[in-house]
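Okay, so here's the structure we're looking at.
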Amino acid sequence: MRFFSQRRRFADLSEREILALAISSEEDDARIYRTYADRLRDEFPDTARLFEGMAEEEDRHRRRLIALHEKRFGETIPLIRREHVAGFYARRPVWLVENLGIERIRAEAELMEQEAERFYHKAAQRSCDAETRSLLGDLAAAEAAHQQVADTLAETHLDDDARSAEDHTARRRFVLTWVQPGLAGLMDGSVSTLAPIFATAFATQDTWTTFLVGLAASVGAGISMGFTEAASDDGELSGRGSPVKRGLASGVMTTLGGLGHALPYLIPHFWTATITAAIVVFIELWAIAWIQNRYMDTPFFRAAFQVVLGGALVFAAGVLIGSG
């Protein structure tokens, strides 16, 4: 586990780097909108034209940013992208979205504009140059206006039942703040503690010793994951919510994931405790697959295969090491 991110903090970026980051972000967003347009052109030609128009608007933003950068800092633009900045909002890979329906693409477009608007507001606050501050403020307003286009997509292509079924923004915020870090913690706690717990169990066949090892591994992993999640992103730019909440969700779920198959070793009889722990592991892994399917849109059987296979390998490793 790493407690500190290797990426730059947004607060440490210079104005030149902020402009460079805005330029690369506009380039990426234009490409994404054009990909959406290609995906929807046959079935929803009007929507495809809207996305093409949004891509052209992003191009205009990029040209204005480049012109300002050349005026203030010269023609050489530093190479800095979203993935270089801690806590910066990340775009979902296009291939994970392009095969989904119009409602999902619409939700992604709306969130893209909300995140871009938040970035420009934060960037404008950091600028001491009047012209730069004015441009960044104008772009924030333009991104806010784009959200009305996403609303148009919903009015055109979604019926009342679909529109009222889910508040996309609220759901995403809940997923990012609680579900995503909690799921990562549950996976880490459930899988990473399998080997030490079952290795200890089969090496000693002492249930109390096994419980103490499991307790220590679970609590230690929970503290590590909690601090790592909280330190990796302050939520200011990414919109992922309070780092304390995310760290708490990750830490608690990591601890619970490990304790799930450690607690059965409070049972004095070795084989009764071990069989009970194995059943708990099976339930934990299937619960992880269900959460991935329910909240992360991962096909259930693919998630189950990945999680169960990984867990089975770690479990087997622990048993073999302990039996040796």
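Read-outs: derived from the displayed coordinates by stated rules, not from any lab. Since we're looking at a predicted model, the values are computed, not measured. Virtual Cβ from ideal backbone geometry, glycine too; neighbours counted across all protein chains shown.
Quick rundown of the values:
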{"item": "Efficiency of FRET from Cβ geometry, ARG8 and TRP290, R₀ 30 Å, rounded to 0.05", "result": "0.25"}
{"item": "Ranking of MET253, MET187, MET296 by count of other Cβ atoms within 10 Å, fewest first", "result": "MET296, MET187, MET253"}
{"item": "Net charge contributed by nearby residues that have their C-beta within less than 13 Å of ALA304 (K/R +1, D/E -1)", "result": "+1"}
{"item": "Base-10 log of normalised Debye intensity for the stretch 168-323 (one unit scatterer per alpha-carbon) at q = 0.18 Å⁻¹", "result": "-1.00"}
{"item": "Mean separation of Cα contacts under 8 Å (6+ apart) over length of the stretch 168-323, as relative contact order %", "result": "34 percent"}
{"item": "Selection of GluC sites (Glu not before Pro), the stretch 24-78, meeting DSSP coil and at most 16 other Cβ within 10 Å", "result": "GLU43, GLU75"}
{"item": "Net charge, ALA124 excluded, C-beta distance under 10 Å - Lys, Arg +1, Asp, Glu -1", "result": "+2"}
{"item": "FRET efficiency, 1/(1 + (r/R0)^6) with R0 35 Å, evaluated for ILE275 and PHE301 via beta carbons", "result": "0.85"}
{"item": "Spherically averaged projected area in nm², based on the convex hull that wraps the Cα atoms of the stretch 190-253", "result": "4.4 nm²"}
{"item": "Residue order, fewest to most surrounding Cβ atoms within 10 angstrom, among LYS71, LYS245", "result": "LYS71, LYS245"}
